[in-house]
Every structure is written in C-alpha cells, then in structure tokens.
C-alpha cells in the first residue's frame with residue numbers, strides 16, 4: 001500500500017532509534033554518551049566482542065564499522081525481525097501510537113485473516129500443552145523424561161501432546177468460538193475431500209510449536225509415539241502462515257543469542273536444538289525436516305556470518321553436507337560462508353551432549369571445517385589420482401564448482417585455497433618451515449598456519465630423532481583410535497620420550513576415557529595440550545600415513561601399532577646391546593685375544609636376537625643404531641685389544 005506524504009517523517013520523529021536498537025543490544029557505557037545521543041554497542045548483525053556498532057540518536061541512523069551495516073529505525077526492524085517494509089512500519093507505528101493510514105480492502109482483509117489464524121494457532125498451543133498433563137499423555141511424558149527434558153524445558157519450548165482422538169483439537173478450538181474454517185485453514189484440522197467431518201491433523205504425537213522471527217506460532221512439528229507410524233515427524237501442511245522452506249525452528253531466540261555473540265549452530269531436528277540450548281548453545285536452529293533451502297540459508301546469514309552446520313556423523317549427514325555445499329556456492333559473498341561440524345559416526349548433537357558433555361561439543365564446533373575444505377573432500381575423498389587424466393578431471397570439477405561463486409575476489413581466494421590443497425595432495429612433502437593445521441576428527445587437516453602456541457612448543461621447534469618419530473606415529477594413531485589404548489597399555493607405558501609434550505600426551509592417553517577422536521580433542525583442550533596435539537601432526541611423514549589420513553580402520557590401526565611397538569622395542573634392545581658391547585671392549589685387558597673372540601661371537605648373537613622378526617622391520621633400524629653397530633664391528637675387526645699392549 002502507499003503511505004500519505006509526511007507519514008514516515010512523522011513516524012521517525014516519534015520513534016527514538018536508540019529505543020528501537022536498545023531492545024536488541026547492550027550499550028557500551030564506556031564509549032557511549034547518552035546525553036548527546038551518541039551510543040555504541042557490539043553489532044547485532046555479526047559476532048564481535050568490541051563495540052563497533054554506532055547509533056546517532058539525533059540523526060536517527062546506525063552504522064557498524066565492522067560489517068558496514070547501516071540504516072534507520074525501519075531498516076533495523078526489517079533486518080532484526082525479518083519482516084517486510086510495511087510490517088516494519090506497522091510495528092513502529094503501534095509503538096509510537098500513530099494510527100496507520102487506511103488500507104485497501106483486500107490488504108486489510110489479508111492482514112485480518114492472518115491475525116485470526118495466528119489466534120487459532122496460539123489457542124492450539126495452549127490446548128496441546130494442557131493435553132500433555134492428562135492421563136492420555138503418560139507415554140509421551142515418559143518419553144520426554146527419558147530424553148532428559150525437565151519441566152522448565154517443556155515450558156520454555158511450549159511442548160505439548162495431541163491425543164489419539166479424531167476431533168480433539170478441532171472440538172476444543174471451535175468450542176471456544178474459533179471459526180471452524182480458520183481451524184482448518186491454519187492446518188490444525190483437515191477437511192476430507194469427500195465432504196465428511198473435519199479431523200485433527202495431529203494425533204498421538206508430541207507437539208513442538210514452530211514460531212517465526214516475530215514470535216508468532218505459524219505451525220507445528222509432531223513426533224509420533226507409535227513406532228509404526230507412517231512418518232516419525234510430521235510438520236504442518238503449507239498454510240497462509242506456514243512455509244516450511246522459509247522457517248527455522250527456534251528462530252527468534254537464536255537470533256537474540258547471536259546478537260550477544262554466540263555462534264549460530266544449525267542442527268537437524270527439534271530434539272537436537274533443545275539439547276543444544278539446554279547445554280548453553282542458545283543460538284541453535286533447525287530446518288523443518290527437509291534439506292536446508294536457499295531461503296533458510298539467507299535467514300541464517302541474517303543472524304550470523306558463518307553458521308556452523310552440525311550434522312549427524314553418518315552417511316546421510318555427509319550427503320546433506322555435500323548438498324549444502326552446492327546450494328551455498330552461488331550465494332557466497334565476502335564475509336558470508338558456512339562451516340561444517342561433522343560429529344562422530346552414529347551420534348547427533350543430543351547423543352554427543354549426553355555422552356560427552358558441552359566441552360566436547362564446544363571443541364568440535366571450534367574445529368568446524370570451512371566450506372572450501374568440504375568442497376575439496378567431496379571431490380577427492382575415496383578417489384585415486386594416479387594418472388594425468390584423473391588429475392585433469394579433478395581440476396575440471398573444481399573449476400566448475402568455484403565458477404558458480406559470483407564475487408570475483410572470493411572466487412580467486414577459493415582458487416588459491418584449492419590449489420594449495422592440490423599441491424599438498426600430489427606433492428606430500430611440505431616445503432621447509434611449513435606447518436600443518438589443527439587436529440580434526442577424521443584425520444589430519446591440510447595446510448594451515450599453526451597457532452603461535454604451536455610454533456613455540458617443544459615439538460614445533462626441536463630436532464626429532466628416529467625414536468621421536470616412532471613415538472609420534474604411535475601417539476598420533478592412538479589419538480585417532482583411543483579405544484586401542486587398553487590393548488597397548490603396557491607398551492605405551494614403557495615408551496621413553498625425550499620431549500615433554502610426548503610424555504604429557506602419553507599420560508593423557510593412559511588416563512583418558514575417550515572412545516573417539518572428539519573425546520581426545522576435548523581432553524587435550526581441558527588439559528592445555530592442544531598445542532602439543534597440533535605439533536604432533538605437524539610432521540610431514542604423519543600426514544601421508546594411510547592409517548592416519550584414510551577412512552577409519554581400527555583393525556589396520558591395531559596392526560600398525562603392533563608393528564611400531566615391535567620396531568621400537570627391537571631398536572632400543574639392539575642399541576642397548578651395542579652400547580654394552582662397546583663398554584666391555586673399552587674395559588678389555590691389554591693383549592687379551594680371548595675377549596675379542598668372545599665379543600665377536602656375542603655381538604653376532606646379540607644382533608641376531610635383537611633383530612626384528614619381519615623383513616620390513618629389519619630394514620627399519622635407525623641410523624644411530626646402525627652407526628653404533630658399524631663402529632663396534634670396526635673395532636672388532638681392528639683387534640684393538642691386541643694393539644693396546646704394543
């Protein structure tokens with residue numbers, strides 16, 4: 001509708017932008033001067049800790065010096081409430097007590113109808129919540145209790161129950177005077193095509209109200225109690241209020257939490273969101289039972305620049321991540337991207353939080369992979385590039401993917417990042433001084449600059465011996481497969497590392513109760529050993545070891561550890577024997593030829609006894625041990641004990 005001249009000016013004069021913005025931010029009292037209308041706060045449009053968001057109350061405008069968001073009170077309401085221009089005008093006009101101009105009859109009827117439908121939905125919320133307290137909901141309450149939802153959580157998310165009654169909600173709402181047509185139009189009840197009596201759309205289901213960015217109930221998600229139900233989860237059908245491809249579960253509370261600096265986490269379902277919020281991750285949302293849509297992605301970017309997609313650790317979760325990569329590429333722009341947190345296989349956020357707690361979840365979120373790495377994984381994982389043709393095909397797929405990025409500068413940066421990953425794949429040996437990125441679930445990350453703590457750690461700066469490298473191989477494998485620690489506990493305890501970081505990681509592994517990499521990451525974070533873990537994987541030979549970079553294979557890892565421990569013990573035994581023989585030789589009496597003969601035979605026996613059993617292990621004797629052996633042989637051949645007496 002058109003607004004009369006001067007209406008918007010009058011509205012802006014009546015509304016203080018500081019009051020409008022003040023509902024969404026916390027002012028920085030040290031930088032702000034309220035008397036002059038000069039106000040500062042952390043920006044509600046991107047995550048930051050400093051106050052770079054400026055509001056000039058006298059001019060009626062805001063500007064962020066970080067993300068460059070700017071506008072007036074109407075623009076702020078549009079962005080934060082996710083509403084159109086006219087809806088923003090209506091919101092501010094109500095606050096200012098300014099009557100809206102008369103609208104055309106059709107627009108007025110549409111708005112009035114939406115208001116009535118929202119009223120029907122709110123009545124349904126109250127009805128379902130009341131039903132959860134009845135005897136018919138005993139099984140539903142037991143299920144919710146098993147899932148760890150207490151009374152406060154049920155109230156916070158307004159969870160209810162739809163009994164297995166054909167006309168329970170329909171009769172209750174029409175009995176309160178709500179028009180039957182509106183109950184049906186809102187999606188609470190369904191009218192059969194044959195003209196029969198309407199029946200409830202949700203029956204024998206736990207009910208999760210779905211609210212829009214303005215807090216209005218626009219639909220429901222129902223979780224079936226019957227394991228044989230056709231659909232485990234059922235959403236409201238499309239209505240004038242509800243479009244599941246344009247809505248997010250927990251949208252408004254998550255947006256507020258993002259404005260306070262929390263990262264936006266995108267999970268797969270209602271229970272995951274509830275578990276995350278209970279654990280303190282309040283900026284959690286979920287799509288409504290379908291793959292994330294373009295509209296939903298844009299909603300997420302309104303809340304945060306880098307939403308973290310926390311997907312279940314299974315094949316379906318990985319497929320969903322790859323689909324989302326394709327959806328996001330044409331929509332990327334500088335500062336707007338995605339990160340991916342792939343959980344351990346067989347676990348969703350709810351499972352992980354119950355089993356491992358919030359610290360483990362936080363560690364996984366902190367190590368979430370950028371979108372470019374997910375693109376690389378999709379095009380390379382499980383493939384062999386042993387011919388020029390296969391490598392050329394990879395190059396073509398990558399060029400085709402990044403060509404969809406509209407921003408030229410961003411497209412160039414993607415090309416550079418992928419080129420670096422390509423060099424690391426085809427030329428595994430890193431350049432001098434190049435370090436690797438942080439340890440992540442599923443193996444070793446590709447090239448990234450290390451943290452300052454990593455560069456200054458003992459492993460990052462010290463020279464490494466053959467023993468050090470073997471110990472690092474053992475530790476890296478056990479960090480990826482901590483369930484094997486018990487199998488090799490005695491061997492692990494017998495290691496004699498030179499570096500303090502090695503010793504600290506050994507102590508951690510011997511004490512850990514972790515059952516997967518995520519647990520080890522959390523243990524290291526809790527114990528201050530993250531730099532040690534990063535330094536461990538900064539060695540070139542580890543990142544090309546199949547057991548560390550390939551798909552999880554516990555049997556292969558166990559075989560590798562058995563061999564590495566055998567080599568380690570054999571090499572140390574051989575070195576010990578050589579050292580003892582040299583000491584005996586040094587103490588040999590002058591002219592005692594018998595000692596020389598005994599030593600020669602003893603050394604031969606010791607070499608044979610200490611040599612590893614396998615041919616591969618036999619070739620793995622370190623350079624210092626080999627040098628020691630050759631030195632001893634040279635002394636024996638020179639018959640030095642006979643020359644002492646001359």
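Here are the numbers for the structure shown:
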quantity: Burial order of peptide ranges 74-85, 340-351 (average beta-carbon count within 10 Å, highest first); calculated: 340-351, 74-85
quantity: Zero-based 10 Å bins, Cα pair distances in segment 105-242, whole percents; calculated: 12, 43, 33, 10, 2, 0
quantity: Hull shadow area, averaged, segment 1-125 [alpha-carbon convex hull, nm²]; calculated: 9.6 nm²
quantity: Average Cα contact separation per residue, segment 5-159, under 8 Å, 6 or more apart, as relative contact order %; calculated: 14 percent
quantity: Mean Cβ count within 10 Å, highest first, over the residues of peptides 62-71, 408-417; calculated: 62-71, 408-417
quantity: Bridge type composition, segment 248-427 - antiparallel percent by DSSP, nearest 5; calculated: 30 percent
quantity: Segment 122-226 - percent relative contact order, Cα under 8 Å, separation 6 or more; calculated: 26 percent
quantity: Cβ crowding within 10 Å averaged over residues, with 278-288, 393-403 ranked highest first; calculated: 278-288, 393-403
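Each reported figure results from applying straightforward, stated rules to the coordinates on display, with no laboratory input. Keep in mind that what you see is a predicted model, and the values were worked out from it rather than measured. Cβ coordinates were reconstructed from backbone atoms using ideal geometry, including for glycine residues, and neighbour counts include every protein chain displayed.
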